[in-house]
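Worksheet for the structure shown next.
The values are calculated or read from the model by the stated rules, or taken from the named source; none is laboratory data. Source: prediction; values computed, not measured. Cβ atoms come from the backbone with ideal geometry, glycine included; neighbour counts cover every protein chain shown. Note: areas computed on protein heavy atoms with side chains; ligands, DNA, RNA excluded. Shrake-Rupley method; radii C 1.70, N 1.55, O 1.52, S 1.80 Å.
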Amino acid sequence: MRVIDNLIQYMNYKKLNDNEVTSQCGLAVGVIGKAKAGRNDIGKKSIDKILATYPDLNRSWLLTGEGSMLIGDISGDSNAIGHGASVSNSNDSKIVEKLLDEISEQRKLVSESQRQVDRLLSIVEKMTSNL
């Protein structure tokens, strides 16, 4: 799966056009158009700019198409437990809801940690490329 295909899906979801994404992210003119035409895919620097501009966009999903498109959204994650699970009584229901809330909160924390690691890796890459 190409990054551009996932980016197009995100753009459609957010009702964004090529020009809006290009200007909001500070991308070079034509980056998205060339990727759509199949001449190039989106490069690492452009991906970093896109992710910095749209913090709700899940890096892993953008790069691989796996998991949820949005950070903190478990509805698109085939490994997640859905809120539609049936429970036998209201006490069990409250416990399940608390657990689901905690899982959601932990996923947000992990996603934020991953973003911080990605930023650090980007800084290290920039520093080592200047050596």
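Assorted remarks:
- Residue that is surrounded by the fewest Cβ atoms within 10 Å (Cβ to Cβ), among those in segment 24-68 that are within 14 Å of ILE4 (Cα to Cα) and touching a residue at least 60 places away in the same chain (Cβ under 8 Å): THR64
- Restricting segment 10-23 to residues that are open to solvent by 100 Å² or more (accessible area, probe 1.4 Å) and polar (S, T, N, Q) leaves a set whose member that is farthest from MET69 (Cα to Cα) is ASN19.
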